[in-house]
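**Student:** Before I ask anything, here is the structure I am working with.
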Amino acid sequence: MEHRTVLISGASIAGPALAFWLARHGFRPVVVERAGALRLGGQNIDVRGAARKVARRMGIEDDIRAATTGEQGLRFVDERGATQAEFPVENADAGGFTKELEILRGDLARILYDRTRDTTEYIFGDQITALRDHGDRVTVSFEHGADRDVALVVAADGIRSRTRSLIVGDEPRIRRFGLYGSYFTIPRGASDSAWARWYNAPGRRAILLRPDNVGTTRASLWFLSRQRGHERLGVAEQKALLASVYADAGWEAPRVLAGLAHAEDAYFESISQVMAPRWSHGRAALVGDAAYCPSPLSGMGASLALVGAYVLAGELSRHADPRDAFAAYEKRLRPLVDMVQKLPPGVPWIAYPRSRPGISVLHRVVRLASSPLARRLGGRLGSSPADGIELPDYPNGG
Ligand SMILES: Cc1cc2nc3c(=O)[nH]c(=O)nc-3n(C[C@H](O)[C@H](O)[C@H](O)COP(=O)(O)OP(=O)(O)OC[C@H]3O[C@@H](n4cnc5c(N)ncnc54)[C@H](O)[C@@H]3O)c2cc1C
């Protein structure tokens, strides 16, 4: 048996962050990623609250700051492009939409990978197919590679984790909101600036355009639908669906749809949360979205992944028996996860009115919420608690 070897499934945010801390604590991390290479797609995510402290302890806060998108805030616009309300960038730990540490998801994944590639074995283009827990070790089978005996297994493979079901079966519940989101990159247009723009179209549809740090624009389309399963369609079918849903959406929809037709990084999801009654079984555990995806509505997915990885590795360094470590990890993190997953009443429906009068009401509400006084009083746009956990100190700088 490879005594200190921990096999992690997924090389996005949670997986490499866990590998970083495990290596610090003297374990031998191995990360297996289903994709053939590091996936660098995705949009702006932010690092806030306790996650910012974790980033500082990892020594990557400056790297993140150097790679921020430069977004100056968010404007709600109407069909003529006129600004109805604006929310300037806020301190990373305050409310508001744009945070001080906004970074493209792919840039954060790259920073974490670069920091761990010398201390971690990365296997791309493979995935776990079976786990056999012998009590003192786990035998792991792969789609392509040979079986391996390892000390522990951790699923960090996202909201649709397959490894999760090998660990805790079908216990976790997926909480759907009837909201679909699609993210992709389009050429920068004359109307794009350092401000993000949010546009509501009647029929519970919205378009969000955000600046990035590489001269393109990050577009996302959001719509509510009672129909299930759009996320399981192929990419071409999803693009066709979006083209028909947004055909009469107005504003800059034609330009966005033209960009979508050529986009190679389109990512489509049914916005959901993972509600798992437990995050481990025997010698295997879950971390990040695989365990407790809070959904983009919370704005806390990357932050929870960073904090979860830190706590899980730290508890493993403290306990001889991994089961005790997993229990301690869950005890420490669960209150934060519960708080983050609790969304304000009416979210997400409130942000997607059905009619033009409904959109006018929404604009009046956000105008009020955007006043300096309201912002000082904590008027938050669906953002989640920034901190909510006393970050433990672990050995080895953790
Ligand atoms: C390509 C991509 C784009 C994203 N874009 C956005 C965005 O624009 N906005 C936003 O808020 N969030 C986005 N997310 C989600 C965001 O990264 C997570 O919510 C958050 O950062 C927590 O990360 P995670 O590492 O737990 O999970 P994820 O970021 O979902 O990463 C899971 C990783 O596991 C890999 N994987 C999946 N299945 C297997 C398997 N069976 N075996 C091995 N590896 C597997 C995936 O390829 C991925 O690399 C995106 C995720 C991905 C993968």
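The values are calculated or read from the model by the stated rules, or taken from the named source; none is laboratory data. Note that the structure is a prediction, hence the values are computed from the model and not measured. Cβ placement follows ideal geometry from the backbone for every residue including glycine, while neighbour counts extend to all protein chains displayed.
**Student:** Please go through the stretch 236-262 and pick out each residue that is closer than 23 Å to residue 297 by Cα and within 16 Å of the ligand (Cβ to nearest atom).
**Tutor:** 238, 242, 256, 260, listed by residue number.
**Student:** Within 30 Å of residue 247 (Cβ to Cβ), touching a residue at least 60 places away in the same chain (Cβ under 8 Å) and of a type in the set (Lys, Arg): which single residue out of 148, 205, 160, 164 fits that description?
**Tutor:** Every option except 205 fails the conditions.
**Student:** Quick check on this structure: which one of 112, 74, 101 is within 12 Å of the ligand (Cβ to nearest atom) and within 26 Å of the chain's Cα centre (by Cα)?
**Tutor:** It is 112.
**Student:** If you check residue 295 against the conditions, is it under 24 Å from the mean Cα position of the chain (by Cα), under 18 Å from residue 48 (Cα atoms) and in a loop (DSSP other than H, G, I, E, B)?
**Tutor:** The answer is yes for residue 295.
**Student:** So, residue 283, is that one at pLDDT 95 or above, charged (D, E, K, R) and in contact with a Lys or Arg (Cβ under 8 Å, 6 or more places away or on another chain) or not? Even if it seems obvious, please write down each step before you answer.
**Tutor:** Details: at pLDDT 95 or above: yes; charged (D, E, K, R): yes; in contact with a Lys or Arg (Cβ under 8 Å, 6 or more places away or on another chain): yes.
Here the answer is yes, as residue 283 does meet what is asked.
**Student:** Residues that are touching a residue at least 12 places away in the same chain (Cβ under 8 Å): list the helices (runs of 4 or more DSSP H) wholly contained in the stretch 311-381 that include at least 3 such residues.
**Tutor:** In the stretch 311-381, the matching helices (runs of 4 or more DSSP H) lie at 322-341, 356-369.
**Student:** Among 338, 324, which is away from the ligand (no atom under 16 Å from the Cβ), more than 27 Å from residue 136 (Cα to Cα) and at pLDDT 95 or above?
**Tutor:** Selected residue: 338, the only one of 338, 324 that is away from the ligand (no atom under 16 Å from the Cβ), more than 27 Å from residue 136 (Cα to Cα) and at pLDDT 95 or above.
**Student:** Is it true that residue 76 is in a helix (DSSP H, G or I), in contact with a Ser or Thr (Cβ under 8 Å, 6 or more places away or on another chain) and modelled with pLDDT of 95 or more?
**Tutor:** In short, no.
**Student:** If a residue must be within 30 Å of residue 143 (Cβ to Cβ), β-branched (Val, Ile, Thr) and surrounded by fewer than 17 Cβ atoms within 10 Å (Cβ to Cβ), how many such residues does the stretch 34-85 contain?
**Tutor:** 0
**Student:** Sticking with this structure for a sec: Which pairs turn up if I take residues in the stretch 275-299 that are on the phi > 0 side of the Ramachandran plot and touching a residue at least 24 places away in the same chain (Cβ under 8 Å) and look for partners that are in a loop (DSSP other than H, G, I, E, B) and crowded, with 24+ Cβ neighbours inside 10 Å with beta carbon separation below 6 Å, at least 6 apart in sequence or on another chain?
**Tutor:** 288/156
**Student:** Filter the stretch 36-56 for residues that are among the β-branched types (Val, Ile, Thr) and farther than 16 Å from residue 337 by Cα; which is farthest from the ligand (Cβ to nearest atom)?
**Tutor:** Per the criteria, the residue is 54.
**Student:** Follow-up question, since we're still on this one. With the requirement that a residue be buried (at least 24 other Cβ atoms within 10 Å of the Cβ) and among the polar types (S, T, N, Q), what does the stretch 295-326 give you?
**Tutor:** 295, 303
**Student:** For residue 198, indicate whether it is away from the ligand (no atom under 13 Å from the Cβ) and either under 26 Å from residue 262 (Cα atoms) or surrounded by 20 or more Cβ atoms within 10 Å (Cβ to Cβ) (or both).
**Tutor:** Yes, satisfied.
**Student:** If you take the residues in the stretch 160-173 that are at pLDDT 95 or above and within 8 Å of the ligand (Cβ to nearest atom), which one is farthest from residue 312 (Cα to Cα)?
**Tutor:** 162
**Student:** Hey, among the residues in the stretch 15-33 that are within 19 Å of residue 56 (Cβ to Cβ) and not aliphatic (A, V, I, L, M), which one's nearest to the ligand (Cβ to nearest atom)?
**Tutor:** 16
**Student:** Would a scan of the stretch 263-271 turn up a residue that is modelled with pLDDT of 95 or more, away from the ligand (no atom under 15 Å from the Cβ) and either surrounded by fewer than 22 Cβ atoms within 10 Å (Cβ to Cβ) or under 22 Å from residue 228 (Cβ atoms) (or both)?
**Tutor:** no
**Student:** Another question about this same structure. Which of the residues that make up the stretch 12-50 are within 17 Å of residue 290 (Cβ to Cβ), among the aliphatic types (A, V, I, L, M) and touching a helix residue (DSSP H, G or I) at 6+ places or on another chain (Cβ under 7 Å)?
**Tutor:** The answer is 13, 14, 17, 18, 19, 22, 31, 45.
**Student:** Follow-up. Using the structure shown, decide if residue 63 is free of Cβ contacts under 8 Å to residues at least 60 places away in the same chain and farther than 22 Å from residue 251 by Cα.
**Tutor:** The answer is yes for residue 63.
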